[in-house]
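Reviewing the structure listed below.
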Amino acid sequence: GLDGVGLHNLRTLQEHLTLNNINRITHKGFISSFISIPPYTPCAWTSIFTGVNPGKHNVYGFYKISKGNNFQISLTLSHDVKYPRIFEILAIHNRRSVIINVPFVYPIHYLVGLNNLIIVSDWAAPRQFIHPKKYEEKYKDYLVEPPHKWSLTTSVEDYVKQVKDFLRERLELYHELLEEVAYDLFILIFSELDWLMHKVPSIIQGVGLNMVYDVLSLI
């Protein structure tokens, strides 16, 4: 999965860059986040993995508002997802999934079929982790922190470099899991393009694509 990349973004990238693997993605094989209203990361991915809209799965954003004497705002968590996701449905049937950077898997004890899930936390989790613990111990050197605060403290060029370094390090972990673990479903969401488009919004119009070329090449 390419977070923040709609079909129109994909076509812009295809028009300007030579990226064979990305260019193999066609309209027929591409599921767009625009199946979700609103087309927003937390709602969209939850809709894709549950097959239902936010009115049923209950996720409207990274934060939720609780009614009471006063409105309270808190983080959306795994127990707020009110519809089973495909990896949970498979887990019930004793099928194993590897899920990487999928929103709202924290805390993990609310997930159904946890024994059949290998999880690498998403970038928004309070801490980065791998479940089960034996994999975290084995791959902890690859579990580098995501760039939560980098964009506030660095130049555009430095930020792009740090995103690229983060991805290169994390890819070692993804490759290890891809090759070494037995699974029926493997899900990996890349957030790097979304981060870069927030930092360099001109990318959406095809301007400054040199900023994302290396990241795209790695993906």
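As for region 134-155, it holds at least one residue that is among the β-branched types (V, I, T) and within 30 Å of H8 (Cβ to Cβ).
Here is a yes/no grid of residues against (1) touching a strand residue (DSSP E or B) at 6+ places or on another chain (Cβ under 8 Å); (2) open to solvent by 20 Å² or more (accessible area, probe 1.4 Å):
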residue	(1), (2)
I108	yes, yes
L143	yes, yes
V163	no, no
L167	yes, no
E176	no, yes
E180	no, yes
D184	yes, yes
F190	yes, yes
L196	no, no
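Residue count for region 147-165 under the criterion of being at pLDDT 90 or above and more than 16 Å from D214 (Cβ to Cβ): the result is 0.
All of (1) over 16 Å from the mean Cα position of the chain (by Cα); (2) in a loop (DSSP other than H, G, I, E, B); (3) surrounded by 12 or more Cβ atoms within 10 Å (Cβ to Cβ); (4) of a type in the set (A, V, I, L, M) hold for I204 with one exception: (2).
Contact map, region 201-212: residues that are farther than 14 Å from K161 by Cα paired with residues that are among the polar types (S, T, N, Q) and open to solvent by 20 Å² or more (accessible area, probe 1.4 Å), Cβ distance under 6 Å, separation 6+ or inter-chain. Pairs shown: G206/T12; G208/S202.
Every residue, every condition in (1) of a type outside the set (F, W, Y); (2) modelled with pLDDT of 95 or more, yes or no:
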position: A124; (1), (2): yes, no
position: P132; (1), (2): yes, yes
position: Y135; (1), (2): no, yes
position: V144; (1), (2): yes, no
position: L167; (1), (2): yes, yes
position: H198; (1), (2): yes, no
position: P201; (1), (2): yes, no
position: I204; (1), (2): yes, no
position: N210; (1), (2): yes, no
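Confirm whether S97 is open to solvent by less than 40 Å² (accessible area, probe 1.4 Å), among the polar types (S, T, N, Q) and closer than 12 Å to L177 by Cα. So S97 fits the description; yes. Being among the charged types (D, E, K, R) and exposed (fewer than 14 other Cβ atoms within 10 Å of the Cβ) holds for only one residue in K56, K64, and it is K56.
Among strands (runs of 3 or more DSSP E) entirely within region 69-177, having at least 3 residues that are of a type in the set (A, V, I, L, M, F, W, C) singles out 97-100, 117-120.
The values are calculated or read from the model by the stated rules, or taken from the named source; none is laboratory data. All figures in this text were calculated on a predicted structure; none of them were measured in a lab. Virtual Cβ from ideal backbone geometry, glycine too; neighbours counted across all protein chains shown. The protein model used for the area step is the full one, side chains on, heavy atoms only, and it has no ligands, DNA or RNA in it. Shrake-Rupley method; radii C 1.70, N 1.55, O 1.52, S 1.80 Å.
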